Amino acid sequence: MATEDQSGNGGGVASATDTLTVTDNRTGQTYEVPIEDGTIRAMALRDVKVSDDDFGLMTYDPAFMNTASCRSSITYLDGDNGVLEYRGYPIEQLAEQSTYIEVAYLLIHGELPNQKQLDEWCHQITVHTFVHENVKTFIQGFRYDAHPMGMLLATVGALSTFYPDANRIMDEDVRYMNLIRLIAKMPTLAAFSYRHSMGQPYVYPDNELSYPANFLSMLFKMSESRYEPDPRLERALDILFILHADHEQNCSTSAVRAVGSSQVDPYSAVAAGVAALYGPLHGGANEAVLRMLRRIGTADNVPDFIAGVKEGKERLMGFGHRVYKNYDPRAKIIKAAADDVFEVTGTNPLLDIATELEKIALEDDYFVKRKLYPNVDFYSGLIYEALGMPVQMFPVLFAIPRTSGWIAQWLEMIQDKEQKIARPRQIYTGERSRDYVAMDARA
Ligand code: CMC
């Protein structure tokens, strides 16, 4: 890659258009780096050295602000223009016309299923919804007030012990069986965790119901012989599942890919995704939104709250996004779905506060300048609450559908010849080569 600097003054040489010419002013050496898909390979910079025994140049990118970690054909996201597509299909069309279970197929297989494929897929997922009875005993070991997301995180990881062959990740059939199990059992684990936190008996899956309706049944069924949710609520939950199914290389997906790159089984990799999603800056944000709305109390308090945010006292939860610098397309769809839900359940008074917050923030210079718009979490919590979910369940409701996205990304990663175990570099800033100091000689 290195070329001698022919200009003699550190300038670049003429080069093909799809390259980047870099001059190392330490040596005067000029390098030509290929540009492919709007990126350069970080490893190309390793050739940039001051001497033969120099390690070579690295890139420093905390939080991966400008680093593509993979090639992916699953989810397309244009944050500036508010575009989100799964396998090329716009999220708006999928939310309107598809179902979560079909979207899960699409994410994993890359194409929409025909009727036969869809029937088979639904059947496979439906017949794997039950979990081993020992899982119940495992969940019973948690304290009565354990957070359901903490329980979900532990139980999905524990599934690897029930399916020890899941670590044969290069076996296509084994892989397929376990991805079916993951999608099928996540709602069961989530519902059992919820019932445990409520001190209620666990409800077994009802395989006659749809994916979202079965989940609602496992959450809310009491003594009735069959729980059948209002179809409008069932559909609203399915839409929320569709919207949350994948979002390219976000924090939890990167965690799944990084952990999965060690070739661990998919249950353990998905547990890492659940852990990442637990955080308030990621899947915990909708829980934080609801707590924030409750704290604000009434729409009159919104201006004071906004003033506090602008002074840096806290963040307006449910606003801002690392990638979207425009209205999150999912937030628009959710806002519309909220109307359908409130028609059934009656309106949530927190909606007035949320609407007022959005109105003020969208006009305020602080938010406009920073391109802070409502994200998916701003309204989702209001719908979840209307569906009867306590706030601790919100991140769990995100983890259930995101499982199909995590698995699709995990499958893509383990079959990508360019991928290896994830292992970033560092810039070491600590002490070096110190002699150990005996305790009695320390200050
Ligand atoms: N409220 C107030 N100010 C904000 C907010 C917010 N929600 N988000 C960003 N800012 C400000 C931030 O203070 C900074 O200002 P300055 O330049 O003066 O220091 C600027 O905007 C850029 O923020 P950043 O923290 O550098 O942006 P980021 O890309 O690292 O953070 C984010 C993205 C989502 C973590 C952040 O916007 C945030 O904390 N939002 C609230 C939490 C939230 O709603 N998270 C859900 C994300 S969507 C669901 C998901 O994908 O998980």
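The values are calculated or read from the model by the stated rules, or taken from the named source; none is laboratory data. Values in this document were obtained by computation on a predicted structure and should not be read as measured data. All Cβ positions, glycine included, derive from the backbone under ideal geometry; neighbour counts span all protein chains shown. Calculation scope for accessible area: heavy atoms of the full protein, side chains included, ligands and nucleic acids excluded. Shrake-Rupley method; radii C 1.70, N 1.55, O 1.52, S 1.80 Å.
A few notes on this one:
- Between 0 and 90°, nearest 10: helix 350-363 axis offset from the chain longest Cα axis: 30 degrees
- Solvent-accessible surface of segment 276-432, averaged per residue with a 1.4 angstrom probe and all protein chains in place: 47 square angstrom.
- Where labels lie 7 Å past Cα in the beta-carbon direction, separation of residue 120 and residue 428 in nm: 5.4 nm
- Accessible area of the chain belonging to carbon and sulfur atoms, whole % at 1.4 Å probe: 51 percent
- Per residue, in Å², the accessible surface of segment 73-226 once ligands and nucleic acids are set aside, probe 1.4 Å: 46 Å²
- Each label point was placed 7 Å from the Cα along the Cα-to-Cβ direction; for residue 438 and residue 71 their separation is 6.1 nm.
- Other residues with beta-carbon under 10 Å from the beta-carbon of residue 317 carry, at +1 per Lys or Arg and -1 per Asp or Glu, a net charge of -1.
- Computed [θ] at 222 nm, helices only, for the chain once each DSSP H run of length n ≥ 4 contributes -39500 (n - 2.57): -15000 deg cm²/dmol
- Sequence-distant residues sharing a close amide H with residue 33 (under 5 Å, placed H): 20, 21, 22
- Amide H contacts for residue 319 (H built 1.01 Å from N in the peptide plane; partners 5 or more residues away or on another chain; cut-off under 5 Å): 375.
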